[in-house]
Amino acid sequence: EYGLERPRGYTVSFHYNPHVEYHHFGSSHPMKPWRLTLTKQLVLAYGLEYTMDLYTPRPASFDEMALFHDRDYLSFLQQITPQNMHRQEDILERYSFGGESNDCPVFEGLWNYVSLYSGASMHAAQNLLNHQSDIAINWSGGLHHAKKGAASGFCYVNDIVLAIQHLLTQHQRVLYIDIDVHHGDGVEAAFESTDRVFTLSYHKFGQDRFTSWPFFPGTGDITDTGPSDPTNRGKAHALNIPLEDGIDDDQYKWLFKTVTGAVVDKYQPTAIVLQSGADSLGGDRLGRFNLNIKAHGFCVETVKNYGRPLLLIGGGGYTPRNVARTWCHETAVCVGASLHNDLPTHIPYIMAFQGEENGGGILYPELHNTKRHENNNTTQKLNKIVERAMESLRYLEG
Ligand code: ZLV
Ligand code: CA
Ligand code: ZN
């Protein structure tokens with residue numbers, strides 16, 4: 001029995017295995033799988049579950065993940081535990097674990113965690129292939145930094161690459177769009193030698209004013225458009241939009257619509273994958289931008305309106321209450337619902353959203369805080385970026 005009518009001509013599916021929530025990277029680590037609990041609670045509280053098909057996907061198998069990853073790397077992931085890791089320090093280093101920053105810690109249930117989020121992305125892709133959904137959502141995925149044989153930046157297995165590979169079994173051209181504040185380097189690298197995937201990432205690029213290191217992962221300048229070798233089919237099939245601290249709603253919306261629209265026109269993808277990392281929001285613990293929830297959601301709406309099969313996945317997002325708000329809003333955008341700004345009062349963990357510092361119990365609090373991140377993106381710089389982007393698109397034949 002549906003509480004809400006479904007007058008839509010398209011189907012939205014939600015792929016989520018709640019077991020991911022119970023994994024912890026460690027108490028001081030910024031990645032909190034618990035943000036997914038909050039997201040789910042908001043989605044349920046607004047009654048959005050009645051407007052979508054819900055699935056609890058099984059974990060991905062070793063062999064499924066080996067469609068992209070090296071088997072020796074996966075064997076390592078499968079057996080490493082916090083208890084036995086001290087006996088294999090050399091191997092940890094080989095796969096980019098540990099180190100002084102410890103972005104990729106070994107934690108209890110790591111293998112289970114990676115197979116759960118990967119299984120959800122693969123199942124979402126399968127649903128698009130079956131024509132069982134037009135838009136398939138997996139908020140637990142989007143781990144765009146993971147490499148074939150190494151972990152990187154909180155990412156161990158690259159669920160996006162696995163999902164895109166699956167889409168490629170039936171789709172000639174897949175467009176990957178990444179609005180996480182970090183460069184989607186792992187996905188770009190995985191498909192650098194094919195013209196059947198176009199990767200487009202918007203991100204902060206350049207020296208970080210807080211750490212004075214290059215902002216992670218340090219790649220993705222405007223000049224990076226894929227391999228330069230003219231015989232490489234992947235040439236010109238990557239586009240990177242490097243941004244400065246503090247970009248605001250109007251600038252980002254304009255840039256996103258202009259550049260993404262041009263890519264879609266030129267490349268004519270038959271399916272789209274959108275990584276909707278929420279660390280590009282204002283007030284994010286790791287991010288540097290000043291976006292509000294509705295500006296972030298505008299990107300989802302814009303991509304939805306291209307009317308192609310769409311895989312929508314999560315990614316970064318380090319202020320859990322705002323991650324939950326954004327992904328709930330974007331779920332509503334997908335189903336075509338508008339949500340009341342006052343949060344339903346019967347939400348578990350309602351305290352996480354209440355009080356002035358937590359957004360005052362509303363869905364769309366103002367997140368921009370120009371004192372924290374001064375806007376260093378001038379109209380002139382952005383125009384220049386668009387000009388350069390249009391120029392590199394001219395190298396795409398067709
Ligand atoms: O959102 O911050 O900057 C997808 C995603 O894109 C680094 N890692 C490495 C390279 C040398 N540094 C370490 C700098 C540490 C600065 C303090 C943290 C505090 C605790 C734990 C991690 C961090 C941290 N690490 C902040 N930024 C990093 C990045 C990795 C970012 C991954 C983004 C993942 C899910
Ligand atoms: Ca990005
Ligand atoms: Zn990120």
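Applying 1/(1 + (r/R0)^6) with R0 = 45 Å to the Cβ-Cβ distance of F62 and S338 gives a FRET efficiency near 0.55.
Oblate is the label for the range 195-307, because the ratio a/c of its alpha-carbon gyration tensor axes (a ≥ b ≥ c) is 1.5 or higher and a/b is not greater than b/c. Residues within the reach of a label modelled at Y22 (point 7 angstrom out along Cα to beta-carbon, backbone nitrogen below 16 Å), restricted to the range 42-73, are 57-59. Measure off, as a whole percent, the carbon and sulfur share of the 1.4 Å-probe accessible area of the range 299-394, all protein chains present. Solvent-exposed carbon and sulfur of the range 299-394 make up 48 percent of the total. Under the simplified labelling scheme, the Q207-N112 pair shows an inter-label distance of 4.6 nm, with each label point 7 Å from Cα along Cα→Cβ. Report the normalised scattering of the chain as log10 I(q)/I(0) at q = 0.07, 0.09, 0.11 Å⁻¹, calculated by the Debye formula with identical scatterers on the alpha carbons. Computed log10 I(q)/I(0) values: -0.29, -0.49, -0.76.
Rolling a 1.4 Å probe over the heavy atoms of the protein chains gives the range 262-398 an accessible area of 42 Å² per residue. Modelled spin labels at T345 and T258, positioned 7 Å past Cα toward Cβ, are 4.7 nm from each other.
Residues in the range 1-145 average 45 Å² of solvent-accessible surface per residue, probe 1.4 Å, ligands and nucleic acids excluded. Put a dot 7 Å past the Cα of D53, heading toward its Cβ, do the same for N375, and the two dots end up 4.2 nm apart. Projecting the Cα atoms of G359, N292, N341 onto the charge dipole of the range 254-369 (Cβ charges, centred on the Cα centre) puts N292 farthest toward the positive pole. A helix-only calculation puts the chain at -10000 deg cm²/dmol for mean residue ellipticity at 222 nm, using -39500 (n - 2.57) for each DSSP H run of at least four residues, averaged over all residues. When the square roots of the Cα gyration tensor eigenvalues are ordered a ≥ b ≥ c, the ratio a/c for the range 323-369 is 1.5 or more and a/b does not exceed b/c, which makes its shape oblate. First check a/c for the range 11-101, with a ≥ b ≥ c the square roots of the eigenvalues of its C-alpha gyration tensor; if it is under 1.5, answer rounded, and if not, answer prolate when a/b is larger than b/c or oblate otherwise. Oblate, because a/c is 1.5 or more while a/b does not exceed b/c. Cross-linked pairs K235/K266; K257/K384; K147/K253; K147/K204; K40/K148: Cα-Cα separations exceed 25 Å for K147/K253; K40/K148.
The values are calculated or read from the model by the stated rules, or taken from the named source; none is laboratory data. Just so you know, these numbers come straight off a predicted model, no measurement behind them. Every residue, glycine as well, gets a Cβ built from its backbone with ideal geometry; the counts of neighbours run over all protein chains shown. Surface accessibility is based on the protein's heavy atoms, side chains included, excluding ligands, DNA and RNA. Shrake-Rupley method; radii C 1.70, N 1.55, O 1.52, S 1.80 Å.
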